[in-house]
Amino acid sequence: MQLYNKLSAKEREALIDEAGEDRLTLSFYAYAKIGNPHLFRNHLFIAWDQMDVLGRIYVAHEGINAQLSVPAKRFEEFKKFIDNIYFLEGVRLNIAIEHDAKAFLKLKVKVRDKIVADGLNDSTFDVTNKGVHVDALKFNDLISDPNTVLVDMRNHYESEIGHFQGAIKPDVDTFRDSLPIIENDLKEHKEDKNLVMYCTGGIRCEKASAYYKHKGFKNVYQLEGGIIEYARQVEKQKLENKFIGKNFVFDHRRAEQISEEVIANCHQCGKACDTHVNCANEACHLLFIQCEECAEKMNNCCSTDCMEIAALPYEEQKALRKGKGNSNKIFKKGRSEVLKYKS
Ligand SMILES: [Zn+2]
Ligand SMILES: [Zn+2]
């Protein structure tokens, strides 16, 4: 029985091209009590591998967090499979508004301690005592209330390219870092203001809202389904769109265009741009914003140092990296002194 990927990303890409089929990009999450995450993981891998599902899925004792690409013609089969798992029956599938057949090139189902690295000790508070879930219409209403504090629960590189008007955007690298900062900033308003929060697909707010209620905030709300679902509802119900820019997503598309405005700058020349790239030097892999001209001039690198390394033969690059840890694990969160225009 095959429990892991056998194809490389390149081989998979060729297969997708060959098939020429539409694929849907979607995500979902659920908090649940999973007794044996390893067994559950294998169950998912076997079924989804057969359905030609690709993506990145985290399974933990506390639940599942999945970003996927599913062949459009197998969607019904996929949905049926999901609905047969008791804690996933009827789960909201966040279906992307823009699709890319190559959003994912592998099926990776990983067992983790938690489905989101929140750094919280869950046994110290009631994680099921969540904030009020609101849809796009109610959310628009709430955030135009002067008594509301709107908080972006994402990281700096996400909110940099797109966010809701008037949101507080903590300058953090991780979700874990944002929790105490927000609490401290808002400690005067635990009772008199509405605390409204949002994230990409809703999963981060799911626990953060319970955490803030535990910390004494009285009126806690969260955008149900996050920005992804908000964009869908705004389009479908012809609501006013209060999100400006792009929604950063965690697949090869990197972002979904939600409004026309470009609110970020190329980190190298400063001109308006909101395209994230990773530095072409594999040992660096820095995530940053780069315009097309700079990409050409810098050979897709973040610095002249990286340009020199990236220009070396592959074997030499590998030798340089040796002993410096696994380059795949290097995912610098968009900060570096070489980026002149990174705010
Ligand atoms: Zn530039
Ligand atoms: Zn670099």
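Just a few scattered comments:
- If you take all other residues with their beta carbon under 13 Å from the beta carbon of Ala280, and give Lys and Arg +1 and Asp and Glu -1, the sum is -3.
- Our summary gives region 64-223 a relative contact order of 25 percent, counting only alpha carbon pairs under 8 angstrom and 6 or more residues apart.
- For Gly63, the residues whose amide H sits under 5 Å from its own are Ala32, Ile34, ignoring neighbours fewer than 5 places away on the same chain, with H placed 1.01 Å from N.
- Per DSSP, loop GluC sites (Glu not before Pro) in region 7-41 with at most 12 further Cβ within 10 Å: Glu21
- Under 5 Å between amide hydrogens, built in the peptide plane, is the criterion, and for Gly162 it picks out Lys246 among residues at least 5 positions away or on other chains.
- Sites matching chymotrypsin sites (Phe, Trp or Tyr not before Pro) across region 1-87 that sit in DSSP coil, with at most 12 neighbouring C-beta atoms within 10 Å: Tyr4
- Take every Cα pair under 8 Å whose residues are at least 6 apart in sequence, average their separation, divide by the length of the chain, and the relative contact order is 13 percent.
- For region 42-201, alpha-carbon Rg and Dmax in angstrom: 18.3, 53
- Computed lengthening from Asp126 to Tyr4, 0.36 nm per intervening residue step minus Cα-Cα distance: 40.3 nm
- Within a Gaussian network of the chain (alpha carbon springs, distance under 10 Å), most fluctuating of Asp122, Asp100, Asp152: Asp122
- In this structure the amide hydrogen of Leu107, modeled in the peptide plane, comes within under 5 Å of the amide hydrogens of Gly55, none closer than 5 places in sequence on its chain.
- Across region 138-148, computed HN-Hα scalar couplings (Karplus, 6.51 cos²θ - 1.76 cosθ + 1.60, θ = phi - 60°) run 5, 4, 4, 4, 4, 7, 8, 6, x, 8, 9 Hz from first to last residue, x flagging Gly and Pro.
- Using a simple spin-label model with pseudo-atoms 7 Å out from Cα toward Cβ, Lys138 and Glu18 lie 4.9 nm apart.
- Across region 42-154, the mean sequence separation of Cα contacts (distance under 8 Å, 6 or more residues apart), normalised by length, yields a relative contact order of 31 percent.
- Residues Met1, Met197, sorted so that the one with the fewest Cβ neighbours within 10 Å comes first: Met1, Met197
- Residue-by-residue Karplus 3J(HN,Hα) for region 73-80, coefficients 6.51, -1.76, 1.60, Hz, glycine and proline x: 6, 9, 4, 4, 4, 4, 4, 5
- Computed helical MRE - 222 nm, the chain, DSSP H runs ≥ 4 contributing -39500 (n - 2.57), nearest 500: -8500 deg cm²/dmol
- The GluC sites (Glu not before Pro) found in region 244-277 that occupy coil by DSSP, while having at most 15 further C-beta atoms within 10 Å, are Glu260, Glu261.
- Label point 7 Å beyond Cα of Lys340 along Cβ direction - residues of region 295-311 with amide nitrogen under 16 Å: 295-299, 301-305
- Phi-derived couplings, Karplus 6.51 cos²θ - 1.76 cosθ + 1.60 at θ = phi - 60°, listed residue by residue for region 48-54: 6, 4, 5, 8, 6, 7, 10 Hz, with x used for Gly and Pro.
- Euclidean distance of C-alpha centroids, region 264-311 and region 132-152, integer Å: 36 Å
- Fewest-first ranking of Val116, Val59, using other Cβ atoms within 10 Å as the exposure measure: Val116, Val59
- GNM on the chain, alpha-carbon springs under 10 angstrom: the most fluctuating residue among Lys333, Lys242, Lys169 is Lys333.
- The dipole here belongs to the chain: it is taken about the Cα centre, uses +1 on the Cβ of Lys and Arg and -1 on the Cβ of Asp and Glu, and is about 900 debye.
- Neighbour-count order for Ser178, Ser8, Ser303, Ser123, fewest beta carbons within 10 angstrom listed first: Ser123, Ser8, Ser303, Ser178
FYI, it's all coordinate maths here, none of it is from the lab. None of these values were measured; they are calculated from a predicted model. In this analysis, Cβ positions are derived from the backbone assuming ideal geometry, glycine residues included, and neighbour counts consider all displayed protein chains.
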